[in-house]
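The block underneath contains the structure these notes are about, expressed in C-alpha cells.
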Amino acid sequence: MLLLWLSGQRAIRLHAKHVKFSRTPWVDLLTDTLSSEKQIPRSVQTLSGVLMSLTLRQVRYFVATAEIGQISQAAIHLNISQSAVTTAIKELESMLGTLLFQRSAQGMSLTEAGRHFLNRAYVILRSVDDALNSPLPDIRASGVLRLAASYTVIGYFLPHHLQRLEHWHPDVAIEVHEQERQAIEQGLLQGRFDMAVVLTANITHPDIISETLFNSERRLWLSSHHPLCQRASVSLADVAQEPYILLTVDEAEQSAMRYWELAGQQPNVRIRTSSVEAVRSMVANGSGVAILSDLVHRPWSLEGKRIETITVTDTVTPMSVGLAWHRERELSPAMQAFRNYFHDAFLAPQQLSARR
C-alpha cells in the first residue's frame, strides 16, 4: 500500500488490490498507442504487418531526434550514421501512415502525431529498461516506511520508483510526505520520518547521513529561437547579459547564487518563481533564460514550444539526488529494502557516495 501525503495536508491511499503493476510488453504499448490516436489513420490500426517489422532501434532513434531536434546531432549522440537515423524515422512514418516530424532548415520539429507518439515511446523504452534492470522481489521485506521527499524529488523523480517499489515489495507500506528541507531534517532527527529522498547538497545537519545516487547536470535553458542557440557552449558572463528567470523552490536560489558568486558574475534576474512549469513556459516563450538541471528538463513547454539546452563553461554544480536518514537509526527491513532498490538502480559498489 502507498500512502501519499502532499505537504502534510492530504493523504491518498493506494492499495495493491486497486493498482495493477503489470509488466506490459512494449509491443502492447505500441498497439495501445496506434489504436488510440486519432492522428494515425485507421488503415494502419490493424497491426499484423506493422508489429512484425517495428524495432526498438527505430523507437530509440526517433526519441533522440525528437529531443535534440536535428538528425545530424542525434546521429552524433547515438554514435551512428546520419543515414541510419533518417532511414529509421522514414520507416516509422511509413508504418504509422503519418508524418512524425516537420522538416525545415532549422531542424526537425514534431507534428501533433509526433508529440503523441513521443509520449508513448518514452513508456516503451522505460518498460524495456524495467524488464532488463528490475531487481528480484525481496519477500522478506515488510512493514511501514515513513518517507519524506522535497518538491523537486517528488515531482520529477520519485513517482516512477514508487510504482516499481510497490511491485517488488508489496508487503511494504510506504507513506510519502512532501516537505521542505528543514522540515525533512527535523523529521529525521525526531523520528517522524524513517528515510528521505532529497537534494543531498542541501543537507546540513551532521547527524544525518546522506548518500548521493546520481548527479543531474545543470545547463542553460533557452527558447529554440534564441541567438545563443547558435553557440555550442556559453559562459556565465554571456548569461548575465540576458533576462534571467530564477527558480526559488528547494533552495534553488541559494544554490544558484553560490556558483554565480564563484564566477564573479551576477544574473540579470527579471522573474523569481517557485514553479518549474512557469520557468519552462517563460523560457519557451522567449521571456528569459534559466539554468536548471537535466532532471527537470523537458524538450517542450505546456504550450508545445521547444526548449533548448546549452552547456555552461563555468563551474556550475550539478543537482545531486540521494537518500538520507538519522545517523543512529538502525535500518529496518523496509528501510533496507528501499535502500537496496536504489543502490541496484543507480549505483555500482564503487560509486556509492556517503557522507558520514
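Results, tabulated for the structure shown:
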{"read-out": "Under 5 Å, built H, 5+ apart or other chain: amide partners of L213", "value": "V321, G322, L323"}
{"read-out": "Whole-Hz ³J(HN,Hα) from phi, Karplus 6.51 cos²θ - 1.76 cosθ + 1.60, for the stretch 209-221, glycine and proline x", "value": "7, 10, 10, 7, 8, 7, 10, 9, 5, 9, 10, 6, 9"}
{"read-out": "Neighbour net charge for T111 - beta-carbon separation under 11 angstrom, K R +1, D E -1", "value": "0"}
{"read-out": "Where labels lie 7 Å past Cα in the beta-carbon direction, separation of S104 and S275 in nm", "value": "2.7 nm"}
{"read-out": "All Cα pairs of the stretch 222-344, percent lying beyond 25 Å", "value": "34 percent"}
{"read-out": "Residues whose placed amide H lies under 5 Å from that of W300, excluding near-sequence neighbours", "value": "I307"}
{"read-out": "Full-extension gain in nm, D344 to S142, via 0.36 nm per residue minus C-alpha separation", "value": "70.8 nm"}
{"read-out": "Charge dipole magnitude, Cβ of K and R +1, D and E -1 - the stretch 218-317, Cα centre, debye nearest 20", "value": "240 debye"}
{"read-out": "Sorted peptide list for 190-202, 257-269, 154-166, criterion being average Cβ within 10 angstrom, highest first", "value": "190-202, 154-166, 257-269"}
{"read-out": "Placed amide H near V144: partners under 5 Å, 5+ positions off or other chain", "value": "A173"}
{"read-out": "Karplus-derived HN-Hα couplings along the stretch 306-312 (A = 6.51, B = -1.76, C = 1.60, θ = phi - 60°), whole Hz, x at Gly and Pro", "value": "7, 10, 9, 10, 9, 5, 9"}
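Values in this text are rule-based calculations from the coordinates and carry no lab data. Worth saying up front: this structure is predicted, and the values here are computed from it rather than measured. Here Cβ is always computed from backbone atoms with ideal geometry, including for glycine, and neighbour counts include all displayed protein chains.
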